[in-house]
Structures are given as structure tokens and as C-alpha cells.
Amino acid sequence: MTDIGLVGFGRWGKLIFRDLRSLGVDVHVAVPGSDSQHAAREAGAASVCDSAAKLPDCAGYVVAPPTVLHAACIDVLAPRNRPIFCEKPVTNDAHAAQRLADTLQERLFVMDKWRYHPGILKLAELAKSGALGQIEAVRTYRLGWGNPHKDVESLWILMPHDLSIALEILGTLPKAHSAITQIPGLGGEDLIARLQNDGEPLTVTMEISSLHPAPKRSAIVIGSKAVAQLASSYDDRVLLAPRDQGQKPQQIEVGTKMPLLAELEAFVAHLEGGPAPKSSAAEGALIVRRIAELRALAGLP
């Protein structure tokens with residue numbers, strides 16, 4: 001049986017643990033705090049310790065503590081020469097992210113779950129097949145209320161999702177072009193950002209906010225022939241609408257498989273000899289770099 005070391009057993013770590021156990025994996029948990037350690041034991045952890053350094057030798061590791069601890073945990077586990085799957089973003093520091101990518105290369109991957117979302121996979125398929133014509137724009141909306149992460153501003157938690165969506169659909173990320181904050185002093189919680197390469201018409205526009213009481217998650221791909229949209233994160237279908245607005249949008253069913261489970265399946269399969277999961281260390285570092293560039297364009301410290 002495959003065994004995995006999991007660093008972190010918080011709100012998201014518990015879900016990772018649940019899905020790994022559903023895949024038949026023995027999970028060893030590293031988490032500080034007696035209450036969290038007790039919860040991990042009660043949930044069925046194979047073993048529990050208080051730090052990544054004390055985890056046993058495992059087939060691979062999943063890193064999911066607070067964002068500001070990602071790089072340090074990866075550094076502790078790197079000498080074991082095992083694959084590491086890190087919750088996004090790989091760090092909130094562009095230099096550290098690039099260092100990790102250069103050092104670990106094919107042993108480090110990033111948990112960009114939206115690259116496994118069936119609706120996003122369908123948008124990418126439609127874009128790459130030519131069904132939409134020439135791709136002119138990708139637009140995403142990630143609007144919600146509050147930031148449960150106390151270590152970093154919500155931009156670091158939300159924007160990696162939308163950058164990974166653009167990466168999955170386009171196969172690359174255009175340059176950071178512009179970014180504006182609508183709320184003085186709260187740019188890290190509310191931002192509109194744009195990616196665009198010099199001399200090219202294709203744009204990627206992202207609206208990110210933790211100041212919207214009514215949540216909205218949506219991704220739209222605009223092509224010269226048609227437009228495709230995942231209207232909501234839990235939708236089991238995407239809409240395909242010809243640019244000729246006299247025709248009704250077509251609904252394409254995509255299923256409801258949860259992306260967290262799908263990405264963990266991919267990692268477990270990789271540990272058992274299968275292909276690498278999506279979002280390499282280099283791609284993770286690129287996403288962190290784009291966020292840093294867009295923050296700078298918005299005048300954020």
C-alpha cells in the first residue's frame with residue numbers, strides 16, 4: 001500500500017487527508033498542537049508527529065500548512081528525494097519559488113486543483129480544438145466574502161486559481177500587463193488584473209475580491225467563432241454559444257468529479273509509476289512571479 005506524509009491538518013489538510021484515505025493510502029500526519037494531533041489520530045492517521053522533519057520515510061509527501069510555511073517544509077523534505085505535492089501557491093515569495101523550482105525540478109509539483117476541474121478541462125479542450133476559433137480573451141471572476149487565511153492576503157490564495165485556469169486553457173501565461181485596486185489600502189483583497197503579451201491581441205482578465213458577500217466563480221473563453229463559459233464552480237456543464245447571437249447556447253455536460261480528489265489520484269498514480277501530475281515546480285514558480293508582478297503594477301507593497 002502507498003504511504004504518504006502529510007504536513008498540515010487544518011481546514012484544507014483535513015480534506016486532503018479524507019481523500020487520500022478514500023484512495024486507500026496510509027497517511028502519516030505532521031501537525032503542531034495537541035488538538036490537531038488528536039484529531040488526526042481519531043481520523044485514522046498511520047502516525048502523527050509535530051513537524052515535517054519527524055515524518056517517516058514515505059513514497060511521497062503532501063505539503064499543506066499555512067502558505068508562509070510552504071518553502072520551509074519543502075526544504076526539510078527535499079533531501080529525502082521523494083516527490084512532493086505542495087498546496088498552491090508554492091510560496092508567496094517569487095525568489096523562493098524559483099529557487100525551489102531550480103533545485104527540485106521534477107520532484108516538486110503544485111496542487112492547482114482547477115487544472116483538474118471537469119469544466120475547465122472542457123474549456124481547454126474547446127479552445128485547443130479550434131471549436132471556438134481564434135482565442136481572443138480569457139476572463140475569470142473569483143469573488144467572495146472574507147479571507148480565512150491569517151498568514152497572507154486573499155490575493156495569494158485566490159489568484160493562483162485563475163492563473164492556473166489560464167495556463168490550462170492557453171498552455172502558457174502572457175506577461176503581466178496591468179493591475180488596479182479598487183479599494184484604497186485593500187489591494188491585496190480586491191484587484192482587477194490583466195495579462196497580455198506585447199503586440200498580441202489575446203488578453204487574460206481576472207477579477208479577484210474577498211469583499212463580495214455574494215460569491216461568484218466563473219471562467220469564460222472568448223473566441224472568434226464562439227464563447228464557452230463555466231458559469232459556476234459546481235456546475236456540471238459548460239455553455240457553448242456561437243458569436244452569432246441569434247443561436248441559443250448549447251449545454252455540454254462535464255460531470256461532477258471533485259478536482260481535489262482528481263489531483264490527489266494523479267499524485268498517487270505518479271508515486272506508483274504513472275505520469276507526473278499537472279503544475280510542475282517551474283509552472284508554480286511562474287504563477288508566483290506573475291502575482292508578484294501584478295501586485296507591483298497595482299502599487300502594492
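The values are calculated or read from the model by the stated rules, or taken from the named source; none is laboratory data. Keep in mind that what you see is a predicted model, and the values were worked out from it rather than measured. Here the Cβ is made from the backbone with ideal geometry for all residues, glycine too, and neighbour counts use every protein chain on show. Heads up: the accessible areas ignore ligands, DNA and RNA and are worked out on the full protein's heavy atoms, side chains in. Shrake-Rupley method; radii C 1.70, N 1.55, O 1.52, S 1.80 Å.
Observations on the structure shown:
- Options ILE180, ILE157, ILE192: the member that is outside any loop (DSSP other than H, G, I, E, B), of a type in the set (Val, Ile, Thr) and within 17 Å of the chain's Cα centre (by Cα): ILE157
- Residue match in region 92-100 (condition: in contact (Cβ under 8 Å) with a residue 12 or more places away in the chain and loosely packed, with under 15 Cβ neighbours inside 10 Å): no
- Residue pairs meeting the criteria (Cβ under 6 Å; at least 6 apart or on separate chains; first within 14 Å of VAL48 (Cβ to Cβ), in region 8-34; second open to solvent by 80 Å² or more (accessible area, probe 1.4 Å)): ASP26/MET1
- Top-ranked residue in region 270-295 [being free of Cβ contacts under 8 Å to residues at least 12 places away in the same chain and open to solvent by 40 Å² or more (accessible area, probe 1.4 Å); ranked as farthest from ALA124 (Cα to Cα)]: GLY273
- Qualifying residue in region 191-208 (condition: out of contact with any Lys or Arg (no Cβ under 9 Å at 6 or more places or on another chain) and closer than 22 Å to LEU155 by Cβ): yes
- Count of residues meeting criterion [among the charged types (D, E, K, R), closer than 14 Å to GLY144 by Cβ and either open to solvent by less than 50 Å² (accessible area, probe 1.4 Å) or free of Cβ contacts under 8 Å to residues at least 60 places away in the same chain (or both)] in region 178-224: 3
- Considered as a group, the residues in region 61-78 that are under 20 Å from HIS270 (Cβ atoms) and either over 19 Å from the mean Cα position of the chain (by Cα) or without any contact (Cβ under 8 Å) to a residue 24 or more places away in the chain (or both) include one that is most open to solvent (accessible area, probe 1.4 Å), and that residue is ALA78.
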